[in-house]
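Throughout, read-outs are computed from the coordinates displayed, never taken from laboratory work. Keep in mind it's a predicted model, so treat the numbers as computed, not measured. As a convention, Cβ positions derive from the backbone with ideal geometry for all residues, glycine included, and neighbour counts pool all protein chains shown.
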Amino acid sequence: MRRVAAWLLAGAVLFCAGAAQASLQLRLITDGLSPAEQQASQALLDEAMRSLPPRFIEQLDRRIDVGWTDKMPENAYGQASLVSELDLNRNLLASLTDGSAATQKTNRPHGTVRREMLATVLHELTHIYDRARLWSKDDRALINRCSRQNSITGLIGLPDQCRGQHDRRFTLSDDPRLLDLAGWPQYVGRRGEREQHNHQVARSPDIYETTSPLEFVAVNMEYFLLDPSYACRRPALFRYYKEHFGWAPPAQDTCAKTYAFLNAGNDFAKTPLGQIDPERVYEIDYLLAEANQNLVSRWGHSMLRLVICAPGRPRGPDCRLDLDQHLVLSYRAFVGDVQLSSWDGLIGKYPSRLFVLPLAQVIDEYTKTELRGLASVPLKLNRQEINDTVEHAAEMHWSYDGNYFFISNNCAVESLKLLRSGSANPQLTGLDNITPNGLLEVLSARGLADTSVLNDKREALRLGYHFD
């Protein structure tokens, strides 16, 4: 049920083959409804059908009975059986019938009662669509075997190699790419197991989406269909839904071509907000601050450097000379104390945030203040992977609020997750390392990082690949 945890179904109900329908049909149960109530109810269902993608309607080839019930919590809107029934809260019927629901404001994301009711129908239909799949006996055996081997219950913790091998119809909520974008990335160092908690919460339109991938798919389907700004707020997810359905809602807002970020540089008071134009990003470097003897720095610090061209300069090697334009993406523990506590870092007390900093400030911070060298190694990403990583970084900058662990969720782990989810480069999928210097080694070994630029130290210093 939408947004009411106590009424969530305990498990997914598998679709059972029955009489084939040409396409999705919503049949209103009219028993006990007045003509006016029937008319208002049917208008709601008709609008829901007009909002759905044609492929959704075609693939969900069944009849779904829709009725009103008084056996539902007062604050609930609807509930689907995940097979062929959808119930709506009868407490809402009167306002739908007299039209007041269209102007009655709520504290829910969609604004009015009528809009929330429409979103609820779309949400619950998406649950039915998402779980409508056919598994063979061999497919179920594979899932069960993988679950036992990995000591995991359910699909969310299942390694990716155990997914996608069964004959499914159109499941979304266990698609590895969707999980990457949605906030359930792979654990680093756990052989593909997915993280259990979603930390992309800071700008969520509806925090209910973070309770599970099932709810994430359904909640975001609401906004994909009903929110004209969705393509701008969550561009990667918008593209995901659009590609899956081969369709998108006709009217969309015009999106800005740059990404805003909160300036974490020393000139914050002068320029609190900065802008990243992905078309000006020539390359992305793995930026490693070399180790020192401090406990939290003895394996180095992982960052990503955006090599950004000066305005008007074509993308190319000369952009590496535009140092004043370059930015650094750095996951750091957000420390509000006067002194950093190693113990608090070990137990994850500090929040983990993605900071965007000017390269010049990062160079000064490490080479002058901490007396640590910096190595800047180009990553071998294609144009689309660079654009997608920059886009994903902008979203994580505003939405991610994780916990920083010096051992298990440190700068190297966070940087690797950003690269994996952002670029979708298949060579990164099975790559695991939890130390900054170790991550550079495995990136180089996979052919993803060009460490040859460091071979000639004099040239590396001259060209900005190394900073003493």
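Quick rundown of the values:
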| read-out | value |
| --- | --- |
| Loop sites in segment 170-243: GluC sites (Glu not before Pro), DSSP, at most 16 other Cβ within 10 Å | none |
| Net charge over other residues, Cβ less than 14 angstrom from the Cβ of residue 37 (K, R count +1; D, E count -1) | -2 |
| Backbone HN-Hα couplings from phi across segment 198-215 [Karplus 6.51/-1.76/1.60, Hz, Gly and Pro as x] | 9, 10, 8, 10, 5, 10, 5, x, 7, 4, 4, 5, 7, 6, 6, x, 4, 6 |
| Placed amide H near residue 263: partners under 5 Å, 5+ positions off or other chain | 273, 274 |
| Rounded to whole Hz, the Karplus (6.51, -1.76, 1.60) HN-Hα couplings of segment 452-468, x for glycine and proline | 5, 5, 9, 4, 9, 4, 5, 5, 4, 5, 5, 8, x, 8, 9, 10, 6 |
| Ratio of Rg to Rh over segment 5-131 (Cα coordinates, Kirkwood Rh, two decimals) | 0.95 |
| Net charge of Cβ neighbours under 15 Å - reference residue 267; Lys, Arg +1; Asp, Glu -1 | -2 |
| Whole-angstrom gap from segment 209-249 to segment 54-110, using each part's C-alpha centre | 20 Å |
| Sequence ranges 281-290, 316-325, ranked by mean other-Cβ count within 10 angstrom, highest first | 281-290, 316-325 |
| Whole-Hz couplings from phi, Karplus 6.51/-1.76/1.60, listed for segment 389-398; x for Gly and Pro | 5, 4, 4, 5, 4, 4, 5, 5, 4, 8 |
| Neighbour-count ranking [beta-carbon atoms within 10 angstrom, fewest first] of 49, 72, 117 | 49, 72, 117 |
